Amino acid sequence: MRKLLVLALVGLFAQLVDGALGMAYGLTSSTLLLLAGVAPAAASASVHLAEVGTTLAAGVAHWRFGNVDWRVVARIAVPGAVGAFAGATVLSSISTAAAAPWMAGILFTLGAYLLIRFSRPLRRNPAAGRLRGRFLGPLGLAAGFVDATGGGGWGPVATPALLVSGRMEPRKVIGSVDTAEFVVAGAASVGFLIGLGSEGFLLPTVAALLVGGLVAAPVAAWLVRIVPAQLLGAAIGGVIVLTNARTLMRATDLGAPARPAVYALLAAGWVVALALAVRALRRTRREHVTEPAGRTVTSPPTAAGPADPRPAPE
């Protein structure tokens, strides 16, 4: 019972992060399941089955808050489903011993990517035009494949790519990616069902993650409007890097004396990334505060993007 309660809290925390950042539900949940000794394929299968419910709730909540661009959802979800089904089939056919370092490597790389991405300012460029299908299709295919084979990765691949394009508001990027993930999670679950059978799903784990995620989904859709994505992305990226480094060091037979030095180096990198994220957030906030003759100021930008200008109080 205690283990299921912990898993429910994991699902709640992971969904809060995912809904506010547009990524990391699968990364966070899969990382913790791997640390608990769950086989990689079973961990990814269970997380994706839970995501079918959490992403549906998240999608509805984001739609209610006006965070969804349905054109983007339609063009990224179908290729994402194809990639996720293929990735689930591949992971199901790999032995547990071979899959563990592979999955940890993907998670570690995505965590490092989060650290790098969110240590820099997040900018939007509406003049760049609309996103095209020839960009969204391959992006969805790659993100779906990485998501299924790595136990997570749909958000870390798709969300930063759309943010970097500068063609959508951050809150709509997050809402659209979360909504499309419902289709991706469903396709991955079908792939794991074919490859592993029903015994490949840890149903108590699925239920616990699902309950926690459902509780957090509407709160997360609201948080995306107020939480600074800059800090949240850098924080969760460091957690993912440190936790998956353990599996990678074991797989490469790195000697025990060297491991503390590696952990110290990674922790130092995490601290630097957090400091850069804070600096980038402050710089962005300064850029949105002007004091000309009319003394116009704006409220600080969050994951939802820059706020509308408001007259400063006299």
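The values are calculated or read from the model by the stated rules, or taken from the named source; none is laboratory data. Predicted model, so just to flag it, every value in this text is computed and none were measured. With ideal geometry, Cβ positions are generated from the backbone for all residues, glycine too; neighbour counts draw on all protein chains shown. Only protein heavy atoms, including side chains, enter the accessible area calculation; ligands, DNA and RNA are left aside. Shrake-Rupley method; radii C 1.70, N 1.55, O 1.52, S 1.80 Å.
What to note about this one:
- 14 Å beta-carbon shell around Gly80, net charge (K/R +1, D/E -1): -3
- Of all accessible heavy-atom area on the range 1-290, the percent that carbon and sulfur account for (1.4 Å): 70 percent
- Table column - 3J(HN,Hα) (Hz), the range 167-181, Karplus curve with 6.51, -1.76, 1.60, x for Gly and Pro: 9, 9, 5, x, 5, 7, 4, 5, x, 5, 5, 4, 5, 5, 5
- Base-10 log of normalised Debye intensity for the range 1-290 (one unit scatterer per alpha-carbon) at q = 0.09, 0.10 Å⁻¹: -0.39, -0.48
- Rounded to the nearest 20 debye, dipole of the range 1-290 from Cβ charges on Lys, Arg, Asp, Glu: 1160 debye
- 5 angstrom amide H check on Met168, placed H, neighbours 5+ away: Asn125
- Solvent-accessible surface (1.4 angstrom probe) belonging to Ile116, in square angstrom, nearest 10: 100 Å²
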